Amino acid sequence: MARVMYIECFSGAAGDMLLGALVDAGVPIEALRTALGSLGVDHVLSESRVMRSGIAATRIEVVPVSGAANYHPHVHHDAHDHTHPHADAHAHGDEAHRSLSAIVHLIGHSGLSPAGKARAAALFRRLGEVEAAIHNVPIDTIHFHEVGAVDSIIDICGVVFAMDWLGIDDIVASPMNVGGGTVQIAHGTFPVPAPATVLLLKGVPIYSAGPQVELTTPTGALLVSDYAQDYGPAPAMTIDRIGYGAGSRDFASVPNVVRVLIGERAGARTESVLKIECEIDDMNPQWFAPATDRLFDAGALDVFLTAVLMKKGRPGTLVTVLAPEARRQAIIDVLFRDTTTIGVRVESVTRETLDRRWVEVATSGGPVRIKIAERAGIVLNAVPEFEDCLRIADATGRPLKDVQLEALAAWHQRQKS
């Protein structure tokens, strides 16, 4: 059966709320602390049980070590969740102002999995692109004064680790409740949702209800829009895990929580995606590889190139990208920026995929994840994760193919036992 996660954002979403929900759903807090400790960012990660409108939920708080002496885990500050992260950045001092390259360096030297490192780095690059667009400056001049504080780095990398640990690719989210009223950021008072949140939620269904405060923060918008492959009501599923992640405030009208439901999807796995295409006949072929990488960083589900014969008999390349609706503008931006195309076609298509899950096997060089594809409980394909095998091959000097064969043999042996 296919594993599926449904993220309910009826009270908006913030990074710490989503992280709390994933911990509440079973991600071990000590494993999370170990992974985040490898980032080299001094902090205290606090877990507590709190009540929100009568609902018990897990509250995750991140405190820099410099402020830990004055930290009381049961005193929750209103500024943490539903105020723009600018308030946190100034509270945490100079460490809040990190460049994109500095954050990517921290991630690259962390204990996250290779796939997790790539995902976390791509998330911060996406934030950098949003900030650059808002302030009309080059991305390499961006310093993350709004999202680079310790808590935001930990929230983002923590959610990446938690999602990796759960190993669920099939993720659906509800429409996003953004809240209302105004929010104070460094550049003044802005209507909710804040400018960064608006850009991050392009293509995502949103609405405003409940307390007139900022319910969806930029970090929450980033994470939900990046992981969700579809939006709408809960899919047909059999639930076996439930997680509630608490925000800092306790509203009278609605529980201030994010809820995640995890279980087995009922029926075939189908989803609506966009097919974005363009033909190119005037570009240096060396540019296709980096453009493809940037399309994946922007949220593409798949990218492939096809040789075509264009007008006047010129050979060309058809670039085809499959992507969630929420990533439409990000994908188109990359195509216009990093290729020579002057136009793209967009159409909605439906794709059906095999059920997918991850298992981990032990090899002589270390653990390797195996991606299992199945239908109706019958395994149809099992493939060792390439990045895991490449890491072991580089570390041991063994041929990559030998590492892959050993990992696959370990999986087959596990199936027999």
Q) Quick one: would you say Val62 is hydrophobic (A, V, I, L, M, F, W, C), at pLDDT below 90, surrounded by 24 or more Cβ atoms within 10 Å (Cβ to Cβ) and closer than 24 Å to Asp226 by Cα? A) yes
Q: Looking only at segment 314-332, decide whether some residue is open to solvent by 20 Å² or more (accessible area, probe 1.4 Å), without any contact (Cβ under 8 Å) to a residue 12 or more places away in the chain and under 25 Å from Tyr227 (Cα atoms).
A: no
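Here's the yes/no breakdown for (1) part of a strand (DSSP E or B); (2) under 30 Å from Met283 (Cα atoms); (3) modelled with pLDDT under 95; (4) more than 29 Å from the chain's Cα centre (by Cα):
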| site | (1), (2), (3), (4) |
| --- | --- |
| Gly343 | no, yes, no, no |
| Arg357 | yes, no, yes, no |
| Asn381 | yes, no, yes, no |
| Leu405 | no, no, no, yes |
| His412 | no, no, yes, yes |
Q: Please specify each residue of segment 275-291 satisfying the condition of being under 30 Å from Tyr231 (Cβ atoms) and either open to solvent by 50 Å² or more (accessible area, probe 1.4 Å) or β-branched (Val, Ile, Thr) (or both).
A: Lys275, Ile276
Q. Here are Val319, Val383: which of them is touching a strand residue (DSSP E or B) at 6+ places or on another chain (Cβ under 9 Å) and under 25 Å from Gln413 (Cβ atoms)?
A. Val383
Q | Residues (aliphatic (A, V, I, L, M) and touching a strand residue (DSSP E or B) at 6+ places or on another chain (Cβ under 6 Å)) located in segment 336-349 | A | Val344, Val346, Val349
Q. Within segment 8-25, can you find the residues that are surrounded by 24 or more Cβ atoms within 10 Å (Cβ to Cβ) and either outside any helix (DSSP H, G or I) or in contact with a helix residue (DSSP H, G or I) (Cβ under 8 Å, 6 or more places away or on another chain) (or both)?
A. Cys9, Ser11, Gly12, Ala13, Ala14, Gly15, Asp16, Met17, Leu18, Leu19, Leu22
(Q) For segment 179-218, give me the residue count where each residue is under 20 Å from Val258 (Cα atoms) and either touching a His at 6+ places or on another chain (Cβ under 6 Å) or open to solvent by less than 10 Å² (accessible area, probe 1.4 Å) (or both). (A) 11
Q) List, please: which pairs have Cβ atoms under 7 Å, are six or more places apart or on different chains, and start with a residue in segment 217-232 that is closer than 12 Å to Gly203 by Cβ and touching a residue at least 24 places away in the same chain (Cβ under 8 Å) and end with one that is part of a strand (DSSP E or B) and open to solvent by 20 Å² or more (accessible area, probe 1.4 Å)? A) Asp230/Ser272
Q | Selection within segment 297-316 - in a strand (DSSP E or B) and under 17 Å from Arg337 (Cα atoms) | A | Val303
Q: Determine if segment 380-392 includes at least one residue that is more than 21 Å from Asp164 (Cβ to Cβ) and either touching a helix residue (DSSP H, G or I) at 6+ places or on another chain (Cβ under 9 Å) or in contact (Cβ under 8 Å) with a residue 40 or more places away in the chain (or both).
A: no
Q: Quickly run through segment 242-254 and pick out the residues that are modelled with pLDDT of 95 or more and open to solvent by 30 Å² or more (accessible area, probe 1.4 Å).
A: Ile242, Tyr244
Q) Is it true that Leu335 is part of a helix (DSSP H, G or I), touching a Cys at 6+ places or on another chain (Cβ under 8 Å) and not hydroxyl-bearing (Ser, Thr, Tyr)? A) yes
Q) Out of Ala395, Ala376, which single residue is out of contact with any helix residue (DSSP H, G or I) (no Cβ under 9 Å at 6 or more places or on another chain), farther than 25 Å from Ser417 by Cα and open to solvent by 40 Å² or more (accessible area, probe 1.4 Å)? A) Ala395
Q) In segment 116-136, which residues are closer than 24 Å to Arg328 by Cβ and open to solvent by 40 Å² or more (accessible area, probe 1.4 Å)? A) Ala118, Arg119, Arg125, Glu129, Ala133, Ile134, His135, Asn136
Q. Can you name every residue in segment 1-42 that is within 20 Å of Gln229 (Cβ to Cβ), in contact with a Pro (Cβ under 7 Å, 6 or more places away or on another chain) and not aliphatic (A, V, I, L, M)?
A. Tyr6
Q: Please tell me if Ser272 is surrounded by fewer than 21 Cβ atoms within 10 Å (Cβ to Cβ), closer than 24 Å to Arg357 by Cα, in contact with a helix residue (DSSP H, G or I) (Cβ under 9 Å, 6 or more places away or on another chain) and at pLDDT below 95.
A: yes
**Q.** Any chance Met176 is at pLDDT 90 or above, more than 15 Å from the chain's Cα centre (by Cα) and either open to solvent by less than 10 Å² (accessible area, probe 1.4 Å) or within 30 Å of Arg357 (Cβ to Cβ) (or both)
**A.** yes
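The values are calculated or read from the model by the stated rules, or taken from the named source; none is laboratory data. Remember, predicted model here, so these are calculated numbers, not experimental data. Using ideal geometry, Cβ is built from the backbone for each residue, glycine included, and neighbour counts are taken over all protein chains shown. The area values use the complete protein model at the heavy-atom level, side chains included, leaving out ligands, DNA and RNA. Shrake-Rupley method; radii C 1.70, N 1.55, O 1.52, S 1.80 Å.
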